[in-house]
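Heads up, the thing below is written out as structure tokens.
The values are calculated or read from the model by the stated rules, or taken from the named source; none is laboratory data. Remember, it's a predicted structure, so these values are computed and weren't measured experimentally. Reconstructed Cβ throughout: ideal geometry from the backbone, glycine too, with neighbour counts over all protein chains shown.
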């Protein structure tokens, strides 16, 4: 007869100290093969909060997520944008494969209302993908996202088995966070000569064509020696 410990050890989300590399955590492919190689589970963690630190809103976060947003909306899954800094460009989303009818835009006062909207969307039984942009560092304390709020979002994502992304400034990198995954985006090397700057569809603001991505934290994976990646954005 299996003991409680035996049942616990069989749970797929449990990470064992002797295991190296990826965990068996459920995940959705990011659509970037080189990124999937370093993410536990081979993609964005499902039922968990992913925190992405940016130099400024509209740096390229939506372009980074475009492949998974396209795949999930095509499968009938909803995507919820909470207080994006700029209005998403529908033609660019459609060009990237996103089904606009599956995208919900929520705008409200930064603070409790927005935090409540994120939590409710994550707890939904529809397995939504929720993207939330936090208030700037100069915002009032009531509008800022603290560790307690992030923990509530992490628990809500677990309950709803949702994909949760929160975009925050680089200035919070040294703060503790309950997020299962933390990434930092930065400027990549200069684009190859001959690659035009103009003519690209804008998703939120004016994202760079290439970004430098560093893995700061991943549940079940040591990140101290992680090498930053350079990604070509859609």
_Criterion first (touching a strand residue (DSSP E or B) at 6+ places or on another chain (Cβ under 8 Å), within 21 Å of residue 55 (Cα to Cα), in a strand (DSSP E or B) and modelled with pLDDT of 60 or more) does residue 145 satisfy it?_
no
*Can you tell me which residue within segment 212-233, out of those that are under 22 Å from residue 26 (Cβ atoms), in a loop (DSSP other than H, G, I, E, B) and out of contact with any helix residue (DSSP H, G or I) (no Cβ under 9 Å at 6 or more places or on another chain), is modelled with the highest pLDDT?*
222
_Residue match in segment 88-98 (condition: at pLDDT 95 or above, farther than 17 Å from residue 162 by Cβ, in contact with a strand residue (DSSP E or B) (Cβ under 9 Å, 6 or more places away or on another chain) and surrounded by 18 or more Cβ atoms within 10 Å (Cβ to Cβ))_ = yes
*What tally of residues in segment 39-70 results from selecting those that are assigned to a helix (DSSP H, G or I), touching a residue at least 40 places away in the same chain (Cβ under 8 Å), over 21 Å from residue 134 (Cα atoms) and touching a strand residue (DSSP E or B) at 6+ places or on another chain (Cβ under 8 Å)?*
2
*residue 14: surrounded by fewer than 17 Cβ atoms within 10 Å (Cβ to Cβ), assigned to a helix (DSSP H, G or I) and at pLDDT below 75, yes or no?*
no
